[in-house]
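Novice: I have a structure here, written as structure tokens, and I will follow up with some questions on it.
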Amino acid sequence: MDALEEWIRLNSYLVYGILFFYCAMKSGALPLFAAIFASTGDLSIFAVSAASFLGGYLGDEARFYLARRYGDYLTSRLPRLGVIVKRAEGLLARHGAKYIFLYRYPKGMRTIGAFPVGLSNMSWLRFTVFNAGSAALWTTLLVAFGYVFGVAIVETVERNWGWLSVVALGVFASLVWLVYRNNLTSAQKGLRTP
């Protein structure tokens, strides 16, 4: 853990850049982990918050723009994307502005979440206000949780690292054994069939 913390301290600007691009593309837990390192003093809480917010906000602004500019062309060329966008459009029609606040949270929705909004008749000004509010709320929740509980999380990991490593190894070994056994059984059944 000490080596990781040292690397993060020495490469903090790289970490902030990675965090920005990560948040521009998706809404996973990386801001939470960055905030944990901010709680230990390895990163700046202000920079973690700014990179997370700006990435989340600007990423969705870019998707909105791309949908406005190229959305009809893309959905006509990629039918599977069209189906996904239609489902999201249904959610947008039923839930309006709430949709913009909520699409950041379900796994996989964030990647295409702003796309249906860009295809709708919602104005860019209305979208950007809701988008900024949504990105601010998302950033605040993840970064605050990581920062407030960060020291406790780091201490728990450091205290229980050996124990957790053994459990993780046991789970991994069990999964490998199950996959091996299932493949062996399937292969034996294949040999028995004429």
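Novice: Go ahead and run the numbers for FRET between Leu14 and Glu89, Cβ-Cβ distance against an R0 of 30 Å, rounding to 0.05.
Specialist: 0.20
Novice: Could you tell me which of rounded, prolate or oblate describes the chain, using a ≥ b ≥ c as the square roots of the eigenvalues of the alpha-carbon gyration tensor, with rounded for a/c under 1.5 and, failing that, prolate when a/b is larger than b/c and oblate otherwise?
Specialist: Oblate, because a/c is 1.5 or more while a/b does not exceed b/c.
Novice: With an 8 Å cut-off on Cα pairs and a minimum separation of 6 or more residues, tell me the relative contact order of the stretch 16-155 in percent. Could the numbers behind the result be given before it?
Specialist: Values: 176 pairs, mean separation 54.5, N = 140.
Taking the mean separation of contacting Cα pairs over the length of the stretch 16-155, I get 39 percent.
Novice: Tell me, in nm to one decimal, what length is gained between Leu81 and Val148 on full extension, where the rule is 0.36 nm per residue of separation less the Cα-Cα distance?
Specialist: Extra length from Leu81 to Val148 when fully extended: 20.2 nm.
Novice: Express the accessible area of the chain per residue in Å², computed with a 1.4 Å probe while the remaining protein chains stay in the model.
Specialist: Ligands and nucleic acids excluded, the result is 63 Å² per residue.
Novice: Return the carbon/sulfur percentage of the accessible area of the chain, one whole number, probe 1.4 Å, all protein chains in place. All intermediate terms of the calculation are to be shown ahead of the outcome.
Specialist: Values: 8510 of 12140 Å².
Carbon with sulfur: 70 percent of the solvent-accessible area.
Novice: Counting other Cβ atoms within 10 Å, keep those with at most 14, restrict to DSSP loop, and tell me which trypsin sites (Lys or Arg not before Pro) in the stretch 61-136 are left. Let's see the in-between values first.
Specialist: Details: sites: Arg63, Arg68, Arg69, Arg77, Arg80, Lys86, Arg87, Arg94, Lys98, Arg104, Lys107, Arg110, Arg126; in loops: Arg104, Lys107.
Answer in residue order: Lys107.
The values are calculated or read from the model by the stated rules, or taken from the named source; none is laboratory data. Note that this is a predicted model, so its numbers are computed, not measured. So basically every Cβ, Gly included, is an ideal-geometry build from the backbone, and we count neighbours across all protein chains shown. Surface areas here come from the heavy atoms of the whole protein model, side chains and all, with no ligands, DNA or RNA. Shrake-Rupley method; radii C 1.70, N 1.55, O 1.52, S 1.80 Å.
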